[in-house]
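Everything on this sheet refers to the single structure shown next.
The values are calculated or read from the model by the stated rules, or taken from the named source; none is laboratory data. This structure is a prediction, so every number in the text was calculated from the model and none was measured. When we count neighbours, we look across all protein chains shown, and the Cβ atoms used for this are built from the backbone with ideal geometry, even at glycine. For accessibility, only protein heavy atoms count, side chains too; no ligands or nucleic acids. Shrake-Rupley method; radii C 1.70, N 1.55, O 1.52, S 1.80 Å.
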Amino acid sequence: MESALSRPELSNHAARIPRQRSASRTGTILVAVGTDRHRFDRLIGWLEDWYPPAADRVDLVVQYGHSRTPDIAGATAFLDHDALQRAMSRASLVVCHGGPATILEARRHRHLPIVVPRDPALGEHVDDHQLLFARRLAGAGLVRLCESQASLVDALEAGLREPATFGIGADNGTDAARQAAVARVGEIIEGLISAANPRRTLARRTR
């Protein structure tokens, strides 16, 4: 299945992922906003505010899509599928928008994603499905939800202090556990779709 961040026409343009440069550095944070054509400048601005004092501790890779270009070294508009896989596997923390495919991809790489959902009231999406979806996942303990700049900063700093708390450990990383988590996400997606379109639920029940 093609990644939500993949762009076939960019398949030969893998992002340059910074490597750890010194023993004092804690790793790499990957930020992925997907390919939605709405800008997500709010998240870009939050990262630009937070990162300069943290630049000596961690590398920041930002996939910014159709948002404005961040003033951050290592930023790239899109990641092809292979580049996304490498970035996910190398990252210490993953921050993403509320897109289901991106969240599932992060969890497949054993990350507890830090999720900043797009807000339609700010022109970041056409509807509020990311907000609803992210809140349901947070209630199930499947993501770390951040709906404000302060909560994002708190999550990033907590992740730098204790990265293991934002990972899915070996005891939670079995195939059965991963399948259960994916199934739970699927149930949440289906619930949101059914709430928005009751006829679809009725049709499924009568089949």
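For residue 168, the residues whose modelled amide H falls within less than 5 Å of its own, excluding neighbours fewer than 5 places apart on the same chain, are 111, 112.
Normalised by the residues of segment 108-167, what does the relative contact order come to in percent, with Cα pairs under 8 Å and at least six apart?
Relative contact order comes out at 38 percent.
Distances between placed amide hydrogens fall under 5 Å for residue 63 paired with 31, 32, 33, 76, all partners being 5 or more residues away or on another chain. Average accessible surface for segment 109-164: 45 Å² per residue, computed with a 1.4 Å probe over protein heavy atoms with every protein chain in place. Between amide H atoms placed 1.01 Å from N, distances below 5 Å from residue 145 occur with 115, all of them 5 or more places distant or on a separate chain. Distance between the 7 Å Cα→Cβ label points at residue 147 and residue 161: 2.4 nm.
The 3J(HN,Hα) values that the Karplus relation (6.51, -1.76, 1.60; θ = phi - 60°) gives for segment 61-74 are, in residue order, 10, 10, 9, 9, x, 9, 6, 5, 5, x, 8, 9, 5, x Hz. Gly and Pro appear as x. Residue by residue, segment 110-115 carries 3J(HN,Hα) couplings of 6, 9, 8, x, 8, 10 Hz when phi is fed to the Karplus relation 6.51 cos²θ - 1.76 cosθ + 1.60 (θ = phi - 60°); x denotes Gly or Pro.
When you count the other C-beta atoms within 10 angstrom of each residue and take the mean per peptide, 74-83, 144-153 line up highest first as 74-83, 144-153.
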